[in-house]
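Novice: Quick one: the structure is below, questions incoming.
The values are calculated or read from the model by the stated rules, or taken from the named source; none is laboratory data. Keep in mind that what you see is a predicted model, and the values were worked out from it rather than measured. Here the Cβ positions follow ideal geometry from the backbone for every residue, glycine too, while neighbour counts run over all protein chains shown. Side chains are part of the model used for accessible areas, which takes the heavy atoms of the whole protein and leaves out ligands, DNA and RNA. Shrake-Rupley method; radii C 1.70, N 1.55, O 1.52, S 1.80 Å.
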Amino acid sequence: MVAISKVTIRRVRREDVATIVGMLADDPLGGARERIEDPLPPSYYRAFETVERDPNIRLVVAEDGEGAVVGCLQLCILPGLSSQGASRGLIEDVRVATHCRSRGIGERMVQWAIAEARARGCKLVELFTHNTRVDAQRFYARLGFQPSHLGMTLRF
């Protein structure tokens with residue numbers, strides 16, 4: 001596939017929420033946990049409003065040259081005391097629209113998140129990917145990320 005040459009990273013707007021939820025649901029894991037309905041459940045819009053108010057969270061989309069949303073990610077800046085009081089960036093929910101995968105969009109978004117975390121004073125960037133997402137693990141390793149933690153989840 002040919003790389004998409006013009007990709008713009010911008011903050012999410014309310015009208016992007018349904019597109020993002022669609023991308024989040026477009027795999028076996030997301031398909032089991034997201035609710036694709038028309039209209040979307042209000043919980044998605046409440047979450048969007050909460051994220052928008054938080055100065056330590058950046059929810060962004062990638063737009064192609066025609067202005068279509070083709071990717072998304074969330075960057076959380078986590079201040080902390082460990083590592084001599086270093087803040088860390090946490091990259092979450094990286095998704096690229098199915099028809100645009102393997103065209104450089106994910107890499108551009110992750111590079112944006114790394115640069116943004118660095119500009120915000122973070123000393124490291126972390127991300128989590130499900131252990132069944134082996135393609136994602138290879139992608140992140142190619143970008144320089146190294147396995148360093150054992151993640152655990154407790155659902156309510």
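Novice: Take the residues in region 1-42 that are of a type in the set (D, E) and modelled with pLDDT of 95 or more; name whichever of them is most open to solvent (accessible area, probe 1.4 Å). Walk me through how you get there before you give the answer.
Specialist: In the first step, residues of region 1-42 are kept if they are of a type in the set (D, E); the result is 15-16, 26-27, 34, 37-38.
This time we only want the ones that are modelled with pLDDT of 95 or more, so: 15-16.
On the way: E15: 129, D16: 10 Å².
Out of the qualifying residues, it is E15.
Novice: What single numbered condition from (1) more than 19 Å from V7 (Cβ to Cβ); (2) not in a loop (DSSP other than H, G, I, E, B) fails to hold for Q146?
Specialist: Among (1) more than 19 Å from V7 (Cβ to Cβ); (2) not in a loop (DSSP other than H, G, I, E, B), Q146 violates only (2).
Here's the yes/no breakdown for (1) closer than 26 Å to L143 by Cα; (2) touching a residue at least 60 places away in the same chain (Cβ under 8 Å); (3) aliphatic (A, V, I, L, M):
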| position | (1), (2), (3) |
| --- | --- |
| V17 | no, no, yes |
| A47 | no, no, yes |
| H99 | yes, no, no |
| S102 | yes, yes, no |
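Novice: A further question follows. I'm trying to understand the selection: among the residues of region 43-54, which are touching a strand residue (DSSP E or B) at 6+ places or on another chain (Cβ under 8 Å) and exposed (fewer than 13 other Cβ atoms within 10 Å of the Cβ)?
Specialist: Just the residues of region 43-54 that are touching a strand residue (DSSP E or B) at 6+ places or on another chain (Cβ under 8 Å), to begin with: 48, 51-52.
Of everything in region 43-54, nothing turns out to be touching a strand residue (DSSP E or B) at 6+ places or on another chain (Cβ under 8 Å) and exposed (fewer than 13 other Cβ atoms within 10 Å of the Cβ).
Novice: Right, another one. Yes or no: G22 under 15 Å from the mean Cα position of the chain (by Cα), within 18 Å of F128 (Cβ to Cβ), part of a helix (DSSP H, G or I) and small (G, A, S)? Even if it seems obvious, please write down each step before you answer.
Specialist: On the way: under 15 Å from the mean Cα position of the chain (by Cα): yes; within 18 Å of F128 (Cβ to Cβ): no; part of a helix (DSSP H, G or I): yes; small (G, A, S): yes.
It is false that G22 is under 15 Å from the mean Cα position of the chain (by Cα), within 18 Å of F128 (Cβ to Cβ), part of a helix (DSSP H, G or I) and small (G, A, S).
Novice: Additional query: Which residues, taken from region 84-98, are within 19 Å of V60 (Cα to Cα) and not in a strand (DSSP E or B)? It would help to see each step written out before you state the result.
Specialist: In the first step, residues of region 84-98 are kept if they are within 19 Å of V60 (Cα to Cα); the result is 88-98.
Listed by number, the residues that qualify are A97, T98.
Novice: I'd like to check something: does region 86-108 contain any residue that is open to solvent by less than 30 Å² (accessible area, probe 1.4 Å), among the polar types (S, T, N, Q) and within 24 Å of R10 (Cβ to Cβ)?
Specialist: Scanning region 86-108 turns up at least one residue that is open to solvent by less than 30 Å² (accessible area, probe 1.4 Å), among the polar types (S, T, N, Q) and within 24 Å of R10 (Cβ to Cβ).
Novice: Please find, within region 112-142, the residue that is nearest to the chain's Cα centre (by Cα) out of those that are within 14 Å of V96 (Cβ to Cβ) and surrounded by 13 or more Cβ atoms within 10 Å (Cβ to Cβ). Talk me through it step by step, then tell me what you get.
Specialist: Just the residues of region 112-142 that are within 14 Å of V96 (Cβ to Cβ), to begin with: 112-113, 129, 133, 135-136, 139-140.
Right, trim to surrounded by 13 or more Cβ atoms within 10 Å (Cβ to Cβ) and you get 112-113, 129, 133, 136, 139-140.
On the way: W112: 11, A113: 9, T129: 11, R133: 15, A136: 12, F139: 14, Y140: 13 Å.
Checking each candidate, the answer is A113.
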